[in-house]
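The values are calculated or read from the model by the stated rules, or taken from the named source; none is laboratory data. Every value quoted in this text rests on a predicted model; they were computed, and no experiment measured them. Here the Cβ positions follow ideal geometry from the backbone for every residue, glycine too, while neighbour counts run over all protein chains shown.
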Amino acid sequence: MRVLITIVVVVLASSLAHAVDIVTVPVGNPGNAGELSGAGSGAGGYGPDRICGAVGYSYKMAKFEVKAGQYTAFLTAVAGVDAYGLYNASMWSDTYGCKIERYEGNGTQADPYKYRVASDWANRPVNYVSYWDSCRFANWLHNGQGSGDTETGAYTLTLEHIANNTVTRNADWKWAVTSEDEWYKSAYHKNDGVTGNYWDYPTGTDSMPGRDMSETTNPGNNANYYGNPYPIDPPHYTTVAGEFELSDSPYGTFDQGGNVWEWTEGVIGTDRVVRGGSFVFCGTVVAIGLHAAERNHSDEPSYEGSNVGFRVAEVPEPATAGLFLLGGLLVARGRRALR
């Protein structure tokens with residue numbers, strides 16, 4: 001039996017109805033130590049070595065990858081003309097695509113593009129998105145959604161900085177594409193205080209996950225990665241967000257292992273770091289991408305493929321940061337009682 005602890009915060013302020021509701025979980029323990037990730041120095045993974053996971057502040061992590069339905073709402077709001085190429089036709093046409101369709105219109109202000117997503121894909125992760133698409137989605141969230149700006153906010157996106165891959169997060173960010181450390185901590189850290197203790201997999205275990213969609217053992221240890229049978233949920237190649245409902249991380253995130261690789265702000269050479277593995281075969285050990293030591297990277301930030309999506313992080317408002325930290329401690333106690 002799972003223990004669900006809910007903290008209700010009543011905010012006496014007016015708010016706008018948003019098209020996209022990003023569910024988040026609190027990630028506390030600010031000032032925790034990191035650990036070595038990468039191929040060398042005994043980490044045993046892939047990619048250049050780096051100490052990962054140390055975060056000096058509390059934050060909120062999206063519980064799920066950004067979903068196709070959420071990205072469709074974003075496209076509908078800001079991509080009537082789609083001047084920044086936020087839509088990729090393979091989302092609809094490719095077998096592996098997330099089934100977002102662009103239809104009608106001719107891309108002019110008078111007759112803009114429209115978007116819709118197949119109902120059975122709306123709650124699966126968006127794919128065929130570049131790192132820059134992800135930054136623009138974060139800017140849109142930062143600016144309150146609606147017709148909010150996509151070029152400034154969490155990131156200032158200029159042609160020069162995009163060309164040189166030098167875009168960095170602004171200090172006053174509210175929503176952002178996850179940093180590599182934010183991503184790593186919420187996936188692998190044991191949520192046991194200000195420590196450097198980490199699991200090998202984002203399901204709270206050092207054992208390679210299985211692929212059982214009917215998991216009944218709590219805590220679970222399953223994810224969507226390449227194996228037999230394939231795909232795991234035909235005809236879909238990705239699974240519904242939170243499908244493995246007993247296989248969350250110690251902080252309460254889902255699907256940080258498998259489904260799609262996730263963009264992070266991390267940089268390796270001219271590329272951006274992706275984390276977490278995907279449903280696509282990715283090596284001689286099929287679940288290697290899920291392992292904490294796997295520091296992978298895309299060809300370049302403009303890459304758009306069936307195996308890559310993203311997740312966002314939110315900074316707590318100062319007045320509620322203490323409540324989120326308390327919530328994280330209570331959730332951790334509940335999980336330890338179950339384990």
All positions within region 223-244 that are in a strand (DSSP E or B) and under 14 Å from ILE288 (Cα atoms): ASN224
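Out of region 212-228, which residues are within 16 Å of SER249 (Cα to Cα) and in contact with a Gly (Cβ under 8 Å, 6 or more places away or on another chain)? Working first, answer last.
Pass one, region 212-228, residues within 16 Å of SER249 (Cα to Cα): 215, 217-224.
Matches in region 212-228: PRO219, ASN221, ASN222, ALA223, ASN224.
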Residue tally, condition surrounded by fewer than 18 Cβ atoms within 10 Å (Cβ to Cβ), out of contact with any strand residue (DSSP E or B) (no Cβ under 9 Å at 6 or more places or on another chain) and more than 22 Å from TYR201 (Cβ to Cβ), over region 42-92: 8
Unmet requirement for ALA293, which otherwise passes all of (1) buried (at least 16 other Cβ atoms within 10 Å of the Cβ); (2) touching an Asp or Glu at 6+ places or on another chain (Cβ under 9 Å); (3) at pLDDT 95 or above: (3)
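With TYR59, TYR46, TYR71 as the choices, which residue is under 29 Å from GLN109 (Cβ atoms) and either in contact with a Gly (Cβ under 7 Å, 6 or more places away or on another chain) or at pLDDT 75 or above (or both)? Give the derivation first.
On the way: TYR59 fails: under 29 Å from GLN109 (Cβ atoms); TYR46 fails: under 29 Å from GLN109 (Cβ atoms).
Criteria check complete, one pass: TYR71.
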Count of residues meeting criterion [over 20 Å from SER249 (Cβ atoms) and among the small types (Gly, Ala, Ser)] in region 28-55: 7
Lone unmet requirement of (1) without any contact (Cβ under 8 Å) to a residue 60 or more places away in the chain; (2) among the polar types (S, T, N, Q); (3) closer than 27 Å to ASN32 by Cα for THR216: (3)
Residue tally, condition part of a loop (DSSP other than H, G, I, E, B), at pLDDT 95 or above and touching a Gly at 6+ places or on another chain (Cβ under 8 Å), over region 12-43: 7
Residue check, PRO209 free of Cβ contacts under 8 Å to residues at least 24 places away in the same chain and more than 23 Å from ALA138 (Cα to Cα): no
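Pick from SER147, SER130, SER134: which is out of contact with any Lys or Arg (no Cβ under 6 Å at 6 or more places or on another chain) and modelled with pLDDT under 95?
Numbers: SER130 fails: modelled with pLDDT under 95; SER134 fails: modelled with pLDDT under 95.
None of the others qualify; the one that does is SER147.
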Scan of region 243-267 for residues that are within 22 Å of PHE137 (Cβ to Cβ) and either surrounded by fewer than 17 Cβ atoms within 10 Å (Cβ to Cβ) or touching a Cys at 6+ places or on another chain (Cβ under 8 Å) (or both), ordered by number: VAL267
Tally, over region 236-257, of residues that are under 11 Å from the mean Cα position of the chain (by Cα) and farther than 15 Å from VAL126 by Cβ: 4
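For THR168, state whether it is among the hydroxyl-bearing types (Ser, Thr, Tyr) and within 19 Å of the chain's Cα centre (by Cα). It would help to see each step written out before you state the result.
Numbers: among the hydroxyl-bearing types (Ser, Thr, Tyr): yes; within 19 Å of the chain's Cα centre (by Cα): yes.
Taking the combined requirement at face value, the residue satisfies it.
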